[in-house]
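The block underneath contains the structure these notes are about, expressed in structure tokens.
The values are calculated or read from the model by the stated rules, or taken from the named source; none is laboratory data. What you are looking at is a predicted structure, and each value in this text was computed from that prediction instead of being measured. Cβ atoms come from the backbone with ideal geometry, glycine included; neighbour counts cover every protein chain shown.
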Amino acid sequence: MNYHPAEKEVLALLLVLKVCYTQLVGKSIRVYTRFSTLEWAHKSKTLFGRATQFAVLLSPWHLVVERVKEKDCAFAQLLQAGLTSFVDLDESLASVAPPSKGSPNVRLDPHLLYARLPTSYSGHVLSFDGSAKTEKHGGYGSCSWILWKLPEWTIVIAASAYLEATTVNLAEYAGMNNGVSAALGLAITDLVIVGDSRLAIQQSLGVIACQKETLMAQLNHHRELVAKLRSVKYLYAIREFNAAADSLASETLESKVSAVTTSEARIA
């Protein structure tokens with residue numbers, strides 16, 4: 001693969017996190033690296049290009065990065081534990097490599113791309129949705145967002161907004177960003193974002209290109225918001241499993257009235 005050695009270290013780490021997910025999830029991981037790229041991508045708030053994709057993929061993990069020089073004794077001791085075979089190394093890293101610039105194709109393994117929540121998960125989940133009429137029928141739309149507290153699935157907040165001029169994709173982004181803003185307003189630090197917009201979620205993960213200026217503005221705003229969270233994960237769900245947010249968005253699209261709903265019975 002046409003990657004700098006520093007980028008290959010990041011790809012190798014992503015592969016380890018994927019293969020050893022069950023053993024490593026929720027733990028603090030100390031990583032020894034020869035380059036400064038990994039720590040920069042993991043902590044910096046001003047990233048661009050491929051580094052942004054790496055940062056999003058590493059964001060759910062708590063990493064303690066320590067840079068070592070190749071000639072240091074500590075680095076030599078690490079190598080004594082065993083060497084990685086370089087046979088088929090490029091092929092083994094292909095599943096976690098971000099797509100090339102402008103590529104619309106997702107090459108990541110779905111198990112790495114999307115979060116998986118155990119039945120015992122405890123935390124906050126944001127579900128969102130967006131809807132819009134075509135220009136021929138007015139060009140207006142709506143979006144919705146619901147914050148849930150797991151494992152009880154209690155509703156923290158549920159809201160919808162009428163959008164005078166929008167598209168379906170912009171409405172989806174509006175729902176997602178309004179939901180993250182609501183979570184930040186409630187001092188929530190760890191969030192799982194769930195939606196049926198494959199485009200919004202995969203662009204947020206950095207695995208498909210965002211080429212429209214209007215969507216790029218929403219995407220950049222989303223990245224600014226999630227940078228304030230301690231951790232964020234994404235989960236794509238088909239529409240049937242996003243019924244609550246879909247219902248709120250659909251009703252607001254018909255009524256053209258924004259609303260905040262607190263009745264759990266109404267949304268269930």
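Out of the residues in region 213-246 that are loosely packed, with under 14 Cβ neighbours inside 10 Å and basic (Lys, Arg), which is farthest from residue 154 (Cα to Cα)? Here the residue is 228. Taking each residue of region 103-130 that is surrounded by 15 or more Cβ atoms within 10 Å (Cβ to Cβ) and looking for partners that are assigned to a loop (DSSP other than H, G, I, E, B) and at pLDDT below 50 with beta-carbon atoms closer than 8 Å, six or more apart or interchain, yields 113/106. Yes or no: residue 9 at pLDDT 70 or above and acidic (Asp, Glu)? Yes, satisfied. The listed residues are 56, 64, 68, and the only one of them that is modelled with pLDDT of 75 or more and among the β-branched types (Val, Ile, Thr) turns out to be 64.
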